[in-house]
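Enquirer: Structure provided below as structure tokens; questions to follow.
What follows draws every value from the coordinates through simple rules; no lab data is involved. Model, not experiment: these values are computed from the prediction. FYI the Cβ positions are ideal-geometry reconstructions off the backbone, even for glycines, and counts take in every protein chain you see.
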Ligand SMILES: [Zn+2]
Ligand SMILES: [Zn+2]
């Protein structure tokens, strides 16, 4: 059961050499979610072998161009590829008008239905839920309406021990209830406790996506203990004044948030084009939070299933 983040673009604001603007794909159990959609996203999907037709929903953090300028092209290509499945797009208010402005005649817009969900970025709310996961928003501080997203896998049912089915002659109809944690009574009335029949499921996994944002400890309660945190890290510490002036974070600030929130690992990204070499980013981050990793275009971060 996959829980995997692929970085399509790791650059902030402007593309730089081999770094495209922000875009990520999260694969949870083969359900694909696109997180931001900077310029060139569909080209990155081709390069890194992400099937764009499988994108189920799009989650946009805010309406700065480096997070949305890939959308018109992607929507057009999806239409040309014959997509019929509706596409859900979550974002702060204003995106629908921007996209519609690019497709002024209805017949020239994408031929599939786009369902826009406008979010209140000042509060955290549950915005999506299906059989395997939930998505909640995280209010961010970026000078314009902006929110991050928190993806949480749902707890899976307990795992039936196959040998016990034949050993006790358990009928098929009783198995769903046992997987939910029920004990089982045989026809003679003897109760077999659930922990003899099943194994505990692996603990659910979680991922928080926080970009763009200035240093803001108010997000810590939302992301406390997540297995993986993506936190923008636009600047090095020597440029902390620029981070402050532009509502962005330094690498050390991202690491500080990761440390205080006790997350499993930190993924860095959204780097300013002023830096070519990113090794100093990694060094600065690890000086505060050792489990820090450089997000780079094409990087894949897999969260393996945890032990029960
Ligand atoms: Zn940005
Ligand atoms: Zn921004």
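Enquirer: How far is helix 279-288 tilted off the main Cα axis of the chain, in degrees rounded to 10, range 0 to 90?
Expert: Long axis of 279-288 versus the principal axis of the chain: about 50 degrees.
Enquirer: Output needed for segment 251-308: three equivalent-ellipsoid semi-axes, defined as square roots of 5 times the C-alpha gyration tensor eigenvalues, in descending order, whole Å.
Expert: Working: eigenvalues 92, 47, 14 Å².
Its equivalent ellipsoid spans semi-axes of 21, 15, 8 Å.
Enquirer: Most mobile of 102, 35, 78 per a Gaussian network model of the chain (Cα springs, under 10 Å)?
Expert: Top of the fluctuation ranking is 102.
Enquirer: Could you work out the helix-only [θ] at 222 nm for the chain, with each DSSP H run of four or more residues adding -39,500 (n - 2.57) and the total divided by the number of residues, to the nearest 500 deg cm²/dmol? Display every interim value, and only then the final one.
Expert: On the way: 11 runs with 75 residues, N = 308.
Mean residue ellipticity, 222 nm, calculated: -6000 deg cm²/dmol.
Enquirer: FRET efficiency for residue 244 and residue 81, Cβ-Cβ distance as r, R0 = 35 Å, nearest 0.05? Don't skip to the end; give the middle numbers.
Expert: Numbers: r = 44 Å, r/R0 = 1.24.
E between residue 244 and residue 81, to the nearest 0.05, is 0.20.
Enquirer: According to the square roots a ≥ b ≥ c of the eigenvalues of the Cα gyration tensor, what is the shape class of segment 63-120, taking rounded for a/c under 1.5, prolate for a/b larger than b/c otherwise, and oblate for the remainder? List each step's numbers first, then the result.
Expert: On the way: a/c = 1.64, a/b = 1.47, b/c = 1.12.
Prolate shape, in that a/c is at least 1.5 and a/b is the bigger ratio.
Enquirer: If neighbour count is taken as other Cβ atoms inside 10 Å, put 132, 68, 115 in order from fewest to most. Please list the in-between numbers first.
Expert: Values: 132 16, 68 27, 115 11.
If I rank by nearby Cβ atoms, fewest first, I get 115, 132, 68.
Enquirer: Considering the chain as a Gaussian network with a 10 Å cut-off on Cα pairs, which listed residue, 48, 172, 16, attains the greatest mean-square fluctuation?
Expert: Looking only at 48, 172, 16, the biggest GNM fluctuation is shown by 172.
Enquirer: Mind checking the alpha-carbon convex hull of segment 159-199 and giving the volume per residue in Å³? Can you show the working numbers first?
Expert: Working: hull volume 2.5 nm³, N = 41.
Per-residue hull volume (Cα only) is 61 Å³.
Enquirer: Simple spin-label model, 7 Å along Cα-to-Cβ: residue 175 to residue 102 in nm?
Expert: For residue 175 paired with residue 102, the spin-label model returns 4.8 nm.
Enquirer: Given all pairs of different Cα atoms, what value in angstroms does the Kirkwood hydrodynamic radius of segment 44-166 take?
Expert: Details: mean 1/r = 0.0601 Å⁻¹.
This gives a value of 16.6 Å.
Enquirer: Hey, another quick one. So if I average 1/r over every pair of distinct C-alpha atoms in segment 197-308 and take the inverse, what Kirkwood radius in Å does that give?
Expert: On the way: mean 1/r = 0.0690 Å⁻¹.
It works out to 14.5 Å.
Enquirer: Turning to a different aspect of this structure: Normalising by the residue count of segment 159-199, find the relative contact order in percent from Cα pairs under 8 Å and 6+ residues apart. Show your work: numbers first, answer last.
Expert: Values: 37 pairs, mean separation 18.2, N = 41.
This gives 44 percent for segment 159-199.
Enquirer: Also, quick follow-up: Have a look at segment 90-135 and give its Rg and Dmax from the Cα atoms, expressed in angstrom.
Expert: Cα only, segment 90-135: 13.8, 38 Å (Rg, Dmax).
Enquirer: I want to verify the translational diffusion coefficient of segment 83-239 in µm²/s; compute it with Stokes-Einstein, Rh as the Kirkwood radius over Cα pairs, at 4 °C and 1.567 mPa s.
Expert: Values: Rh = 19.9 Å.
This corresponds to a translational diffusion coefficient of 65 µm²/s.
Enquirer: Let me ask another. Rounded to the nearest 10 degrees, what's the angle between the helix 251-260 long axis and the longest principal axis of the chain, both from Cα atoms, 0 to 90?
Expert: Approximately 30 degrees, to the nearest 10.
Enquirer: Starting with the fewest neighbours, write out 122, 6, 85 ranked by other beta-carbon atoms found within 10 Å of each beta-carbon. Show your work: numbers first, answer last.
Expert: Details: 122 9, 6 22, 85 12.
Sorted ascending by nearby Cβ count, the order is 122, 85, 6.
Enquirer: Just want to confirm a number: the relative contact order over segment 1-143, from Cα pairs under 8 angstrom separated by 6+ residues, in percent.
Expert: Numbers: 262 pairs, mean separation 22.8, N = 143.
About 16 percent, as a whole number.
Enquirer: Working from the pairwise distances between different alpha carbons, so that the mean of 1/r is found and then inverted, what is the chain's Kirkwood radius in Å?
Expert: Numbers: mean 1/r = 0.0480 Å⁻¹.
One decimal place: 20.8 Å for the Kirkwood radius.
Enquirer: Let me ask another. Using a Gaussian network model on the chain with a 10 Å cutoff between Cα atoms, which of 262, 284, 238 fluctuates the most?
Expert: 238
Enquirer: Nearest 10 degrees is fine. How inclined is helix 71-80 to the longest principal axis of the chain, computing both from alpha carbons?
Expert: With rounding to tens, the tilt is 60 degrees.
Enquirer: Suppose a student asked you for the relative contact order of the chain, using Cα pairs under 8 Å spaced at least 6 residues apart; what percent would you report? Don't skip to the answer; put the middle values down first.
Expert: Details: 687 pairs, mean separation 53.8, N = 308.
Contact order relative to length: 17 percent.
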